[in-house]
Amino acid sequence: MIRVTIRFYADLKERYSPGQEEGVVPLDLEEGSRVSEVFKELNIDDREIGFLLRDDEKVQKDAELRDGDLIHFFSFAAGG
Amino acid sequence: MRFGYNGKILRVNLSNREIGFEEPDEIFYRTYLGGKGLGSYFLLKEMEPGTDAFHPDNRLIFAASVITGAPVPAICRYSVVSKSPLSGGYGESEAGGWWGPELKFAGFDAIIVEGRSEKPVYLLVRDGQVELKDAVPLWGLTIGDTQKAIRGEVGDERTRIAAIGPAGENLVRYACITNELIHVNGRSGLGAVMGSKNLKAIAVRGTGSMKMYDPEMVKEIASWHAKNFREHPLTKSLHEHGTPAGVDVLNATGMLPTRNFRSGEFPGAHQINSKTLEENYPIEKKGCFACPMRCKKVVANLDYGAPEYETLAAFGSNIEVANLKMIIEANELCNKYGLDTISAGVSIAFAMECVEKGILKEKDFDGLDVRFGNQSSVCKLIEMIAFRKGIGGVLAEGVKRASKTIGKGSSEFAMHIKGQEMPLHDPRGKFGTGLGMAVSETGADHLTMVPHDNAYEMKDALCLKEIAPLGILEPLDALDSSARKVRLYYYNENVLSLWRALGVCNFGPVPRGVLPLKKFVELVEGITGYETSLWELLKAGERSTVLSRSFNVAEGFTRKDDDLPPRFFEPIEGGLLKGKKIERRNFEEALTTYYGMKGYDEEGRPTRAKLQELNIEWVADKIDAK
């Protein structure tokens, strides 16, 4: 098993980590899991996701997760 | 048989009070469509290069389109087009509400105003009848009082009124035009052009109906839209929270302009976000003609709505004020006097940086404490700008001119493109949007690429799937500046230009809304009876952009005008993107590639072949095209 941490921002925080001030959700996954597993586990609507970061690096859903990873989830950067 | 449009354009000469009509043929309408297309056509065709924006010869064009007025969500907008007093080039701005459809029901597709009235007047258009009415008693009134007075005079509460406030009368170069108190042609300083003509308002009322080719098909598409917009994450968020939802997202992604665009993260963002707005104020949802999305959030007991994202950032993060109450007051004041909140806020941020750097002192502001984070001076400054009092007269000229007057290196942080103040978006986090702001014919404009780059980053991103019919099939990093990004921008620009030519809201069809491109084409067919295609429509969108660019070329604009403020080539100071900057070489390469894709020469001038391709060869003589 590996342990990863997911951090949600802005509107995603309320939806996927309710009650968590920092928007942080720890998750235990099988070794070799990909980012797409996080979507499945947390029931994330991928239509809401703008981009994902692992440290400073943008990652896609097919990226393999490593133990201790912190993945940041951002929605579309919209405005008006 | 004609469907969708009236075939009639109203002409008003305010100098000699002549009123006339023009009846262009079907090919004209199908070629230029309306809005930006029609406005840029007449502006380029009729204006002598070098004419001052406040000269009576400047044209002020109000244009709906061949589809405006159909009872379908998100297609009710109209364009106002004129020479901009901010840029000295092409000026244009769109607004929603009810004014556009009402103009169509009154029997006209557009109004072209020229000349200058000796005394203040307003134009009244009622079911094909046109009158110039005395506006001397209205001069000096706020937007709201003007609307009330005109409705009282004509005795019809359903009269739709596009008016200017004191800022337009006082020729503040970023004065706006407003209908229904909350729908604003905000940008390009078009309210000042209206003021220079002594034209206080255009009131329209129509009881006519619109002939559509296939009303059943139109109804079906309208129902589809109404049924589906709540299921789409972008339109669902707009319905629930409006554009203020952008504050949190942009702050998290390091793109919330802070301290005059030096940082991308504002520690007080949570105090000015949509949640704080919704929890502390009685918010109602308002919207536009035939649209169930109702994305406009208004404070129930106020006249002029509630701040949109741009205003929250302009009077919040960018001047470091974390006080929502003050931002709402600033919004109310700007809307009452008829000031563009973007330009007003960015002008105040500029003043604050002048004070911070010791270039201006407290005495220059009649003793006001104009420092970042100091909310007490903001509303007073708005008054000074609207009425050109003291240094307000300098700031009313816009930051480009103000920095020339003030000097001492202040042009380095005067945040504008082509004289128009920056909208509240940082191109260091989204290269395509930045390129768009640089090349936009109106100057800094964040709406030539919508949605912005972040919507196209994931392999299976929703927006990416939605624009697959354009041939955009692969994701691109937001900071990517390659030719692939330029292509994404160019194709997206054509879509957005089409929306402006047809008066379509960015929040209606994909990629920022819900209606698929295929269904949108069917909608145009159902209204107009044209057997058309996405190809023909996008070419019409592109045509309108090439026309507006040609207007600028005729005015002497060159490659150096398609640039970003120097600050964006420096590292951003804080937030997720800390340290990121735009590399000058990447920017210049992208600009050259964009010109190449568009059929422009190295100075950004459309080539003769490009004009021929778009079937507007008549433009070649205007710009000496090779």
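The values are calculated or read from the model by the stated rules, or taken from the named source; none is laboratory data. Since we're looking at a predicted model, the values are computed, not measured. Glycine also receives a Cβ, built like all others from the backbone with ideal geometry; neighbour counts cover every protein chain displayed. For accessibility, only protein heavy atoms count, side chains too; no ligands or nucleic acids. Shrake-Rupley method; radii C 1.70, N 1.55, O 1.52, S 1.80 Å.
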Checked against the positive end of the charge dipole of segment A:2-78 (+1 on Cβ of Lys and Arg, -1 on Cβ of Asp and Glu, about the Cα centre), the farthest of A:F76, A:G19, A:S33 is A:F76
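When ranked by the protection proxy of mean other Cβ atoms within 10 Å per residue, highest first, what sequence do the peptides B:446-459, B:284-297, B:214-227 form?
Result, highest mean Cβ count within 10 Å first: B:446-459, B:284-297, B:214-227.
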Rg to Rh quotient for segment B:175-324, alpha carbon positions, Kirkwood Rh: 1.04
So what is Rg over Rh here for segment B:500-626, counting just Cα atoms and using Kirkwood for Rh? 1.07
Along the three principal axes, how long is segment B:355-417 when you take its alpha carbons, biggest first, rounded to the nearest angstrom? 27, 24, 19
Nearest 0.05, what FRET efficiency do B:K626 and B:E46 give at R0 = 30 Å with Cβ-Cβ as r? 0.80
In debye, nearest 20: dipole of chain A around its Cα centre with unit charges on the Cβ of K, R (+) and D, E (-)? 180 debye
Taking the Cα centre of the protein assembly as shown as origin and charging only Cβ (+1 Lys, Arg; -1 Asp, Glu), how large is the dipole, in debye to the nearest 20? 1280 debye
How big is D, in µm² s⁻¹, for segment B:126-172 by Stokes-Einstein at 10 °C and 1.306 mPa s if Rh is the Kirkwood radius over C-alpha pairs? 138 µm²/s
Rounded to whole Å, give me the distance from the Cα center of segment B:318-367 to that of segment B:595-612. 40 Å
For the protein assembly as shown, what % of the accessible area comes from carbon and sulfur atoms, probe 1.4 Å? 47 percent
How much accessible surface area, in Å² rounded to 10, belongs to the heavy atoms of B:I382 with a 1.4 Å probe? 0 Å²
Using a 1.4 angstrom probe with every protein chain in place, what is the largest-first accessible-area order of B:E602, B:E542, B:E570? B:E602, B:E570, B:E542
For chain B, which DSSP H helices look membrane-span-like by this rule: Cα extent along the axis of 15 Å or more and mean Kyte-Doolittle of at least 0.0? B:341-356, B:517-528, B:534-554
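In Å², nearest 100, what accessible area do chains A and B bury in total when the solvent probe is 1.4 Å?
Counting both chains, the buried surface is close to 2300 Å².
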Quick one: the Cα spread of the protein assembly as shown along its three principal axes, in angstroms, biggest first? 82, 65, 54
Could you do me a favour and compute the accessible area per residue for segment A:2-78, 1.4 Å probe, result in Å²? 50 Å²
Mind listing P(r) for segment B:301-389? All alpha-carbon pairs, 10 Å bins, whole percents. 19, 54, 24, 3, 0
Can you list the residues of segment B:220-262 that have at least 30 square angstrom less accessible area with all protein chains present than in their chain by itself, probe 1.4 Å? B:P233, B:L234, B:V249, B:A252, B:T253
Using the Cα centre of chain B as origin and beta-carbon charges of +1 (Lys, Arg) and -1 (Asp, Glu), tell me which of B:G97, B:L515, B:A245 is placed farthest towards the positive end of the dipole. B:A245
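Expressed as cubic angstrom per residue, what is the convex hull volume of the alpha carbon set of chain B?
Taking only Cα atoms, chain B has a hull volume of 132 Å³ per residue.
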So what is the relative contact order of chain B, in percent, for Cα pairs below 8 Å that sit 6 or more residues apart? 16 percent
Charge-dipole axis of segment B:360-421 as Lys and Arg at +1 and Asp and Glu at -1 on Cβ define it, positive-most pick from B:S411, B:F387, B:G367: B:S411
How large is log10 of I(q)/I(0) for segment A:2-78 at q = 0.17 Å⁻¹ when the intensity is taken from the Debye formula with one equal scatterer per alpha-carbon? -0.58
Report the charge-dipole magnitude of chain B in Debye, nearest 20, computed about the Cα centre from +1 at each Lys and Arg Cβ and -1 at each Asp and Glu Cβ. 320 debye
Across segment A:1-41, how large is the tail of the calculated P(r) beyond 13 Å, expressed as a percent of all Cα pairs? 52 percent
